[in-house]
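Below: one structure, written as structure tokens.
The values are calculated or read from the model by the stated rules, or taken from the named source; none is laboratory data. Just so it is clear, the model here is predicted, and its values are computed rather than measured. Here the Cβ positions follow ideal geometry from the backbone for every residue, glycine too, while neighbour counts run over all protein chains shown. These area figures cover heavy atoms from the full protein model, side chains too; ligands, DNA and RNA do not enter into them. Shrake-Rupley method; radii C 1.70, N 1.55, O 1.52, S 1.80 Å.
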Amino acid sequence: MNGRRVFSAVPLLGQLRRYTWAGARGDVVAGFAIAVTLVPQALGYGQVAGLHPVAGLYTAVGAMVLFALCTSCRLVAVGPSSTMAIMTFAAVSGRAGGEAHRTVALSACLALITGVLLLLPGRLRGLTAFMSGPVVLGYLAGTAVQVMASQVGTLLGVPTHSDRPMVKLWQVLTHLEQTQVVTAAVGVSSLIGLVVLKRVLRAVPALSAVPPTPVVCVIAVIVSAVADLAGHGVALTGVITGGLPAPSWPDVTARDAWELLPTAAGMAMIASIEGVAALRRTGVSEGRVSLVRESAALGAAGAGAGLLGGFAPMPSTQRTLSARSAGARSQLYQLAGACFVVVGLLSTGPVIGLLPKTVLAAVVMVSTSHLIDVTAFGELWRGWRREALLALATMVAVLGLGVLHGLLVAVVLALLQLLRRVTWPHDAVLAVTGDGRIHEVAPGESVDSDVLIYRVDAPLFFANAARVRYKVLGLVAARSPRPRYVVLDAGTVFHVDATAAEILAQLTVDLAERRCELVLARPREAVLATLRASPYSEGATRRLRVFPSVGEAHAALRAG
């Protein structure tokens, strides 16, 4: 195997060509910075997934190592996430029956199936092109609310007995008298501390790079040890020993795998969307990387997490940007980060075990809050009201139906949005000024009574052609006196199907009966060829006059 094939098989080797000590230092520093923040977040996400918190660390290590070895992107970060954790919990908790070993097996199986689906060629490109920005915005916001709702009970120490986050929140709100005072005090103070400390550290330039999460967790561990929080009824993470588990295949049945398949498909879709978002945010053009390869790298990351007993990972735009700002130069930073996580597992397991679960709930709630982009909602509402309503509808669907079913609703909404745009496309009546400029006619504007110029900005097919016909006939009937010519500006019509060809032929005949002639302006060659070959209405469209521009059509018809 020559050098080029080696670099193709393991892109990381290509990234290390002409590697310098400065680059190595940047990767190690970035890996350490990512690991310091990731450890408490991963523990919290493991808790959200319904697993032992340490499963979040297993997910981080397995995903980071395999993704770093398979991806061709230098900076994209992969690891555990709140979105994947809550979807894992929703899919697994009801099937596991409260058995810890079965919960682990089903979660690992779900991660493996998600990885396999991401290996399908072209999946990353197709899915990300399908979901619109407002739908994704609403979906992520709804997911964030779901995740935060699932942690309120843990934050306050109120027991819950449902696998649906919003139901869990309702159980907490209706049983506040069961709040454990010490647990709630620790959790709420941690929540406030994370928010306040983040702002304080940002205000001090020398401390702006210090992440607040590990600071709060260290303080919580010290308080837990000194004040014996466990003796006061505060649930702790529990002692972590033994380091990483040996890779193993999950003990599940074929029926288990089949039942988990729909959830895995949804998780693969979300991972795909976030993967391209991370690429764009790091300034990497999608044309410069193989999206098929990146999808395969995500699949490998899912396999790595599943074989270690974790849950499905996904790319993180936030951690990717953090790595870039910390000086990362190659995927070696993720390998370094994984090493730091393993060192933490081996050396600080007993210390991590003193961390209260209520603090992890606070960490999850704060780290998930960035998914609710209030600014983006505001911008949509001010400029694109329908798009904002679409985002809100998606968010409500996620909250009311759950993450997976909410995703299905989001897909349907995206389809309806696309269908609406092509079925009711933008159209306009045009006018030509004395100096030859062409513009859309404003309400009340006087126009040439002899020539009606109409433009439709969409392909013509069975779903919108009839509407175009009725619109043109209505415009003709509304003119007094009736125009002698109708110019169809076909510059933006790039396709005409059989139904549209038949309807245009009928429109030609309808206008002729009204002593009005239909002419075409700047039609595309393929469209013109279709109309010239159309047999409908005795070949009515074969004889249409054609002009290279709207201006020339208007001038010739006025002169004639």
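What to note about this one:
- Summarising the amide proton neighbourhood of Ala77: residues at separation of 5 or more, or on other chains, whose placed amide H is nearer than 5 Å comprise Ser316, Thr320.
- For Glu259, net neighbour charge (Lys/Arg +1, Asp/Glu -1) across residues whose Cβ lies under 14 Å away: +2
- Computed 3J(HN,Hα) for the stretch 398-405, one whole-Hz value per residue from the Karplus formula 6.51 cos²θ - 1.76 cosθ + 1.60 where θ = phi - 60°, is 5, 5, x, 10, x, 5, 5, 5, glycine and proline marked x.
- Sequentially through the stretch 327-339, phi angles give Karplus couplings (6.51, -1.76, 1.60; θ = phi - 60°) of x, 5, 10, 7, 5, 4, 5, 6, 5, 5, x, 5, 5 Hz, Gly and Pro residues having no value and appearing as x.
- Heavy-atom accessible area ranking, 1.4 Å probe, most first, across Val181, Val65: Val181, Val65
- Distance distribution P(r), the stretch 321-456, all Cα-Cα pairs, bin width 10 angstrom from 0: 9, 17, 20, 21, 15, 9, 6, 4, 1 percent.
- Whole-angstrom gap from the stretch 418-433 to the stretch 138-179, using each part's C-alpha centre: 46
- Dipole of the chain, positive end: most advanced residue of Ala297, Leu401, Val239 [Cβ charges, Cα centre]: Ala297
- Long-range amide H partners of Ile453 with built H, under 5 Å: Leu430, Val487
- Proximal lysines relative to Lys168, as straight alpha-carbon distance under 17 Å, when same-chain residues fewer than 8 apart are discounted: Lys357
- Over the chain: Kirkwood hydrodynamic radius from C-alpha pairwise inverse distances, Å: 26.8
- Under the combined filter of DSSP loop state and at most 10 neighbouring Cβ atoms within 10 Å, the stretch 506-560 retains these trypsin sites (Lys or Arg not before Pro): Arg515.
- Asp450 exposes around 50 Å² of accessible area when a 1.4 Å probe is run over every protein chain in place.
- Applied to the stretch 415-427, the Karplus parametrisation 6.51 cos²θ - 1.76 cosθ + 1.60 on θ = phi - 60° returns per-residue 3J(HN,Hα) values of 5, 5, 4, 5, 5, 4, 5, 8, 7, 10, x, 5, 9 Hz, with x for Gly and Pro.
- Heavy atoms of Met314 accessible to a 1.4 Å probe, total area in Å² rounded to 10: 10
- Along principal axes, Cα extents of the stretch 486-560, largest first, whole Å: 33, 28, 15
- Summarising the strand pairing of the chain, around 45 percent of its internal DSSP beta bridges are antiparallel.
- The largest accessible area among Glu517, Glu538 belongs to the first residue in Glu538, Glu517, and the rest follow in falling order (1.4 Å probe, all chains).
- Arg293 versus Arg255: modelled label distance in nm, points set 7 Å from Cα along the beta carbon direction: 4.3
- Amide H contacts under 5 Å for Phe547, placed H, 5+ residues apart: Leu520, Ala521, Arg522
- Here Cys339 sits with roughly 80 square angstrom of accessible surface, probe radius 1.4 Å.
- Taken about its Cα centre, the stretch 423-475 carries a charge dipole of roughly 300 debye when the Cβ of each Lys and Arg holds +1 and the Cβ of each Asp and Glu holds -1.
- Crossing angle, helix 291-307 versus the chain [Cα axis fit, 0-90 degrees, rounded to tens]: 30
- Helix-derived mean residue ellipticity, 222 nm - over the chain, DSSP H n ≥ 4, -39500 (n - 2.57), to 500: -21000 deg cm²/dmol
- Bridge type composition, the stretch 436-527 - antiparallel percent by DSSP, nearest 5: 0
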